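What follows is a set of notes on a single structure, which appears directly below.
Laboratory data are not the source of any read-out in this text; all were calculated from the coordinates shown. The shown structure was predicted, so the numbers you read here are calculated from the model rather than taken from an experiment. No Cβ is skipped: glycine too gets one built from the backbone with ideal geometry, and neighbour counts run over all protein chains shown.
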Amino acid sequence: MKISFPIMGNSYIAFKQLIKDLGHEPIVPPMPTARTMSLGTMYSPEFACIPFKILLGTYLEAIEMGADVIVSSGGHGPCRAGYYGILQQKIIEDLGYDTKIIIFDSFAKTYKDFISKLSWLLKTGKKSWWDLYQAFKPAWAKLKALDEIELYSHQVRPYEINQGETMKVYRKCLEIMDEPVSKLQIKEAKEVCMKMLKEIPQDKSRNPLKIGIIGEIYVLIEPFANLDLQATLGEMGVYSERSMNLFHWLKENTKMSRHEKKIIKSALPYLREKIGGHGINSIGETVMYAQQGFDGVIQLAPFSCIPEIVAKGILPQVSHDQGIPVMTIFLDEMMGKAGMQTRLEAFVDLLQQKRDLKFA
């Protein structure tokens, strides 16, 4: 069976291996482009958010490549992500395709449904639960390694002497990480990539501004959705830290971690209820970035995203109380690279002035 999945950062490299090891043919859709966005926008409801449109466009491109099944994740609470799969399935059927979308919700919240769908994947791939265990270990290790490599690339980029060199090395690392299949090979490939990044000429005398990036998970992680915001900041000489990556999100989606509890505790003075999506995270993480001495915070939100709109209404008070500037960027298909660059430059200038006044 030909199985596809969404593009979300570099995770496709690990998911491709997992699906192959489960006895299916992985269909890796193209990296999102203007065509992906155009397809998704054309067939989406008018007020659908940008993750919905990019995902739908990606699914249609995967269908063009012959995908029989598309596997994706769901959502809970007021966030509309919980309805994505149902509506996208309806749109695909109305377009005359018989491709099926299988949505895996949180294992902790939908245990029976999760196991039922996983059993179907194993049965159709003629694999056992032991085969799943054997396939899961290297895929999990690869996903973790990919996140660590990406994280380190963002730590190196603000110090690079030759602008753009970190991005070139990082892209080469993705090619390297696509090849290994065993846990040992993945570990060795990761070490090669980390060594390549460490060898990039850097000016460690710099004291870059530090910006925390918060918001809805898809626009945080997928560079096409946020117009490569984190890489852009790095090449402007700014150190940035993203509040979420996919490996830790998957880990925390199984059970609440200490970090997740700390986020919720930090948000309590301002928000006492979960509002769906990652709304409460945006509040708690802003408080935590302020406590860690960051110079500013950028909130990334899909246009019309209710949880992030609620968070945005609370963030000015958080910003005032915690003494940390916050800028919100709502993302949709109309946002362009030039407009993003202008807003980032203005925010970085503001943060630099604030730092200069502090130490004057």
Length-normalised contact order of the range 136-205 in % [C-alpha pairs under 8 Å, at least 6 apart] = 47
inquiry  = Give the aspartates and glutamates whose C-alpha is closer than 16 Å to that of K2, dropping any in the same chain fewer than 8 places away, or say none.
reply    = D21, E25, E61, E64, D68, D98
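So for the range 136-205, Kirkwood radius off the Cα pairs, Stokes-Einstein at 10 °C and 1.306 mPa s: how many µm² s⁻¹?
129
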inquiry  = Taking every pair of distinct Cα atoms and averaging 1/r, then inverting, what Kirkwood hydrodynamic radius in Å comes out for the range 271-327?
reply    = 11.3
task = Excluding residues fewer than 8 places away in the same chain, name every one of the aspartates and glutamates whose C-alpha is closer than 17 Å to that of K337.
result = E222, D228, E235, E345
note = The farthest towards the positive end of the charge dipole of the range 135-248, of the residues L229, V156, P138, given +1 on Cβ of Lys and Arg and -1 on Cβ of Asp and Glu, is P138
ask   = Tell me, what ³J(HN,Hα) does each residue in the range 17-25 have, in order and in whole Hz, if you take phi through Karplus 6.51 cos²θ - 1.76 cosθ + 1.60 with θ = phi - 60° and put x for Gly and Pro?
value = 5, 4, 5, 5, 5, 8, x, 10, 8
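Report relative contact order for the chain in percent, whole number only (criteria: Cα-Cα under 8 Å, sequence separation at least 6).
Computed value for the chain: 17 percent relative contact order.
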Of [x] 21.4; [y] 22.9; [z] 20.4, the label for Kirkwood radius over Cα pairs in Å derived from the coordinates = [x]
note = Simple SL model, points at 7 angstrom along Cα→Cβ for L87 and S116; separation in nm is 2.4
inquiry  = Please give me, ordered by residue number, the trypsin sites (Lys or Arg not before Pro) of the range 165-261 that lie in loop per DSSP and have at most 13 other Cβ atoms within 10 Å.
reply    = K204, R206, K255
inquiry  = Under the rule a/c < 1.5 gives rounded, and otherwise a/b versus b/c splits prolate from oblate, where does the range 2-127 land using the Cα gyration tensor?
reply    = oblate
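Name the GluC sites (Glu not before Pro) in the range 1-98 that are in a loop by DSSP and that have at most 15 other C-beta atoms within 10 Å, would you?
Answer by residue number: E46.
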query = Mind checking the dipole of the range 1-95: about its Cα centre, +1 per Lys or Arg Cβ, -1 per Asp or Glu Cβ, Debye to the nearest 20?
reply = 220
message = For the chain, take the longest principal axis of its alpha carbons; what is the angle in degrees between that and the long axis of helix 165-177, to the nearest 10 within 0 to 90?
response = 20
key: Alpha carbon convex hull of the range 58-175, volume per residue in cubic angstrom   = 176
ask   = Taking the DSSP beta bridges in the chain as the whole, what percent of them are antiparallel, to the nearest 5?
value = 5
Residue with peak Gaussian network fluctuation, the chain [Cα springs, cutoff 10 Å], from I149, I70, I176 = I176
message = For a quick check of your reading of the filter: which chymotrypsin sites (Phe, Trp or Tyr not before Pro) in the range 1-55 sit in a DSSP loop and have no more than 15 other Cβ atoms within 10 Å?
response = F47
inquiry  = Charges at C-beta only: +1 for Lys and Arg, -1 for Asp and Glu. How large is the resulting dipole of the range 136-205 about its Cα centre, in Debye rounded to 20?
reply    = 220
note = Under the 7 Å Cα-to-Cβ spin-label approximation, M194 and K358 lie apart by a distance in nanometres of 3.0
ask   = Taking 0.36 nm per intervening residue step and subtracting the Cα-Cα distance, what contour gain separates Q163 from S128 on full extension?
value = 7.7 nm
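Rounded to the nearest 0.05, what FRET efficiency is calculated for Q291 and K187 with R0 set to 25 Å and r the Cβ-Cβ distance?
0.15
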query = Can you give the relative contact order of the range 203-247 as a percent, counting alpha carbon pairs under 8 Å and 6+ residues apart?
reply = 50
key: Estimated distance in nm for a label pair at E46 and H259, the labels positioned 7 Å out from Cα along Cα-to-Cβ   = 4.1
query = Near K358, which lysines are there with a Cα under 16 Å away, not counting those fewer than 8 places off in the same chain?
reply = K210
